[in-house]
Amino acid sequence: MEIRMGNRGKRAAAVCGRMLITAGVLFLVFLFLLPVLLLISGSLADTMEWRDRLAPLLTDGEGFISWRWIPDYPTGEHFKQLLFYSPGFLKLFWNSVGMVTVILLGELAVGVPAAWAFAAFPFRGRRVLFFLYVVLLLLPFQVTQLSQYLALRELHLLNTRLAVILPAVFSTYPVFLIYRSFAGIPRELLEAARIDGAGEWRIFAQIGLPLAKGGILAAFVLSFLENWNRMEEPLAFLEDKSLWPLSLYLPEISLNQAGTAACASLITLTVSLFVFGLFRDSLEQGIIAGAVKG
């Protein structure tokens with residue numbers, strides 16, 4: 001009898017433990033989703049409701065701003081205004097699309113072969129050069145901003161899209177992440193291909209790329225998310241606002257346009273979530289494979 005009671009107690013404790021873990025996870029999920037829920041709610045609130053909510057902030061009055069999870073009078077006027085009557089928003093949106101597309105193509109042409117060279121060719125000084133790559137990876141933009149600015153000025157690229165695109169194309173992070181996937185390919189497989197007479201480009205195209213596909217896609221997804229939300233580089237190197245990406249649209253919106261700001265933020269976030277959802281499996285597999293093989 002005591003044994004049965006002990007087993008029941010253990011099962012009850014295990015069930016309580018699982019319930020506590022589930023509750024904790026749900027609470028964390030709610031915290032992470034809270035900003036998104038606030039954006040959705042704010043994007044559907046009309047202008048008058050926003051003014052009522054932000055009255056103490058807009059008029060420098062006393063009291064606290066208020067918030068309602070469900071707007072009193074839901075409307076899509078902000079989306080209509082933003083998508084059909086705001087050419088500046090569309091201009092910046094397509095600026096971001098063009099910049100990110102060129103950056104990803106540039107990383108495909110530069111970063112992937114560079115990662116393959118580090119992984120497949122044991123040339124002299126490879127470790128030192130790769131160490132420098134890792135050091136550059138650790139440096140924030142504020143440290144390299146002056147040197148980048150001087151280099152771009154000498155190349156007469158300031159206030160052009162290339163001022164943002166070129167430094168991103170030669171970013172070290174994609175090289176580092178893709179290198180770990182290439183480094184996991186067995187050396188014996190590469191040597192066997194060379195013995196059979198395969199050239200280096202054929203080995204790269206038919207062995208390296210297929211086996212490291214997960215890491216390459218993971219690097220591209222992370223690079224897309226980084227460059228889609230890039231703010232400091234465009235703000236430092238682009239004076240012409242018509243060249244700005246979408247990430248710099250929100251600082252131009254005043255508090256009186258809070259509903260429009262919520263819509264713009266939601267659209268910007270939706271693009272990132274769409275790309276993440278589309279390549280989520282490849283992103284997870286690439287990161288896990290790189291961690292295991294590395």
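Looking at (1) at positive phi; (2) in contact (Cβ under 8 Å) with a residue 24 or more places away in the chain, can you tell me which one Gly197 breaks?
Looking at each condition in turn, Gly197 falls short on (2).
Got a sec? Which of Ala212, Ala193, Ala163, Ala205 is in the same structural domain as Ala117 (by TED's automatic domain parsing), under 25 Å from Asp281 (Cβ atoms) and in contact with a helix residue (DSSP H, G or I) (Cβ under 6 Å, 6 or more places away or on another chain)?
Within the list Ala212, Ala193, Ala163, Ala205, the selection yields Ala212.
Going through Asn229, Asn256 one at a time, which residue ends up being surrounded by fewer than 20 Cβ atoms within 10 Å (Cβ to Cβ) and touching a Lys or Arg at 6+ places or on another chain (Cβ under 9 Å)? Show your work before the answer.
Values: Asn229 fails: touching a Lys or Arg at 6+ places or on another chain (Cβ under 9 Å).
The conditions single out Asn256.
If Gly215 passes every condition in (1) surrounded by 13 or more Cβ atoms within 10 Å (Cβ to Cβ); (2) not in a helix (DSSP H, G or I) but one, which one does it miss?
(2)
Modelled with pLDDT of 85 or more and surrounded by fewer than 11 Cβ atoms within 10 Å (Cβ to Cβ): which single residue out of Val128, Val100 fits that description? Explain how you work it out, then say what you get.
Values: Val100 fails: surrounded by fewer than 11 Cβ atoms within 10 Å (Cβ to Cβ).
Only one candidate passes the filter, namely Val128.
Hey, does the range 152-169 have a residue that's of a type in the set (Asp, Glu) and outside any helix (DSSP H, G or I)? Outline the logic, then answer.
Residues of the range 152-169 of a type in the set (Asp, Glu): 154.
Retained after the next criterion (residues that are outside any helix (DSSP H, G or I)): none.
No, because not a single residue in the range 152-169 is of a type in the set (Asp, Glu) and outside any helix (DSSP H, G or I).
Among (1) acidic (Asp, Glu); (2) out of contact with any Ser or Thr (no Cβ under 8 Å at 6 or more places or on another chain); (3) part of a helix (DSSP H, G or I), there is one condition Glu107 misses while meeting the rest; what is its number?
Of the numbered conditions (1) acidic (Asp, Glu); (2) out of contact with any Ser or Thr (no Cβ under 8 Å at 6 or more places or on another chain); (3) part of a helix (DSSP H, G or I), the odd one out for Glu107 is (2).
The values are calculated or read from the model by the stated rules, or taken from the named source; none is laboratory data. Please read all numbers here as calculations on a predicted model, not as lab measurements. Cβ atoms come from the backbone with ideal geometry, glycine included; neighbour counts cover every protein chain shown.
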